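Following: one structure in structure tokens, then a few remarks.
Please treat every number below as a calculation from the coordinates, not as lab data. Just so you know, these numbers come straight off a predicted model, no measurement behind them. Note that each Cβ is placed from the backbone with ideal geometry, even for glycine, and that neighbours are counted across all protein chains shown.
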Amino acid sequence: MPNERRPMRRREPKEFEDVVVSINRVSKTVKGGRRMRFAALVVVGDKKGRVGFGMGKAAEVPDAIKKATEAATKSVFTVKLVDDNRTVPHSAVGKHGASSVFLAPAAPGTGVKAGGAVRSILELAGVADVLTKIIGSRTPVNVVYATLDALKQMSTVEEVAKIRDMKVAEVR
């Protein structure tokens, strides 16, 4: 029968949420004028401690975002959180280029005190309470790299105790 409708395909739920942090328009001057391209910076996360980021370049914005999202899902890593995945274990400074990002644990109910690219990363990582400060350059790409550097420096008391062959109480 020609008029029968095909059953709709079920869409599987997305594993990660994604946020477009920045889109840059890049131009290359060629013989006929300027050739425009777009560079997208995307952060992905599951709000349960896993986060990643990627960059993509293309002639059109949607293609650049798609490429960046694919790159971001490949670079996902787990963030170490404490107090029931509420905050970071200790303060840390992440650096990349001229950008430095300071992260510090915060009391319950403080919220994510952060701006720009740092906020999107921490929210997608599932951090509920944290204090941050961007020092130096605020270029989004460098800020993202610096934030991820600070998050990768995090270690819990249990990990430190295991490395030092001590009990958790002795480390504290």
Whole-Hz Karplus couplings 3J(HN,Hα) for the stretch 154-160, θ = phi - 60° and coefficients 6.51, -1.76, 1.60, Gly and Pro as x, run 5, 9, 7, 4, 4, 5, 5
In whole angstrom, the spacing between the Cα centers of the stretch 89-121 and the stretch 23-56 equals 23
Which lysines have a Cα less than 30 Å from the Cα of K74, not counting those fewer than 8 places away in the same chain?
-> K14, K28, K47, K48, K57, K66, K95, K113, K133, K152, K162
Order by protection proxy (mean Cβ within 10 Å, highest first), peptides 102-112, 50-60 = 50-60, 102-112
Quick one: length gained pulling S155 to T73 fully straight, 0.36 nm per residue minus the C-alpha distance?
-> 27.2 nm
Checked against the structure, the computed Cα extents along the principal axes in Å among (i) 48, 45, 33; (ii) 78, 45, 26; (iii) 71, 56, 31 is the one labelled (iii)
Rel. contact order, % - alpha carbon contacts under 8 angstrom, at least six apart, the chain = 19
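In percent, what relative contact order does the stretch 74-172 have, based on Cα pairs under 8 Å that are 6 or more apart in sequence?
Details: 177 pairs, mean separation 32.2, N = 99.
Relative CO of the stretch 74-172 lands at 32 percent.
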